[in-house]
Amino acid sequence: MFESLALIAALLSPASQPAAPQAQVKMAETQGALHRGAAFTLTEKDRTTLDAVAAKAPEMAGKTVQVSGTVKSACIKKGCWMVLAGDTARARITFKDYGFFVPLDAAGSTAIVEGAVEVKTLSEAERKHLAEDAGKSVDTIPKHELRLVATGVELTRVATK
């Protein structure tokens, strides 16, 4: 019986639980860059544009890239995804293993994202869920989208004039 109680206690201990996403911080409260997730493994020299990735998306699927762009929107409920824009391309950024989030007010920030490229076809249920998370109509969510499953993100608030 004591062994069973010890096993239950071990399973319920905080060390055995998955890591909780990092606490929300407002971008307005940060100074300098805000990094979430793992440290980058690629260098600035390895960085490419989101437009270059989008142009070769099927070939790039599964490859790890580092891109930069402007955060156009983020999940307004948890910060569990964001949309990154290049010059012409857009990609939804999700976070590996739901391991970290971005601030709810990340829109307008510049971002460097490192992660794996995915080309995703969304079901109606997924589109509806994403629309609810964005506070938008389902018609604004495309049926096919470019995604990056990020292992790390660095956000910098663009100074306003």
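The magnitude of the dipole of segment 25-156, with charges of +1 and -1 set on the Cβ of Lys/Arg and Asp/Glu and taken from the Cα centre, is near 160 debye. With all pairs of different C-alpha atoms in the average, the Kirkwood value for the hydrodynamic radius of segment 45-104 is 12.3 Å.
Ordered from longest to shortest, the equivalent ellipsoid semi-axes for segment 27-79 are 24, 16, 11 Å, each the square root of 5 times a Cα gyration tensor eigenvalue.
The Kirkwood radius of segment 25-156, taken over pairs of alpha-carbon atoms, gives through the Stokes-Einstein law at 25 °C and 0.890 mPa s a diffusion coefficient of 167 µm² s⁻¹. Taking each of 78/128; 45/143; 45/77; 77/120; 63/143 in turn, the alpha-carbon distance tops 27 angstrom for 45/143; 45/77.
Among 46-53, 98-105, sorting by the average number of other beta carbon atoms lying within 10 angstrom of each residue, highest first, gives 98-105, 46-53. Amide H contacts under 5 Å for residue 105: 27, restricted to partners 5 or more places along the chain or on a different chain, H placed in the peptide plane at 1.01 Å from N.
Computed from the coordinates by the stated procedures, all read-outs in this text should not be read as laboratory data. As the structure is a prediction and not an experimental result, all values here were calculated from the model. We place every Cβ from the backbone using ideal geometry, glycine too, and count neighbours over all the protein chains shown.
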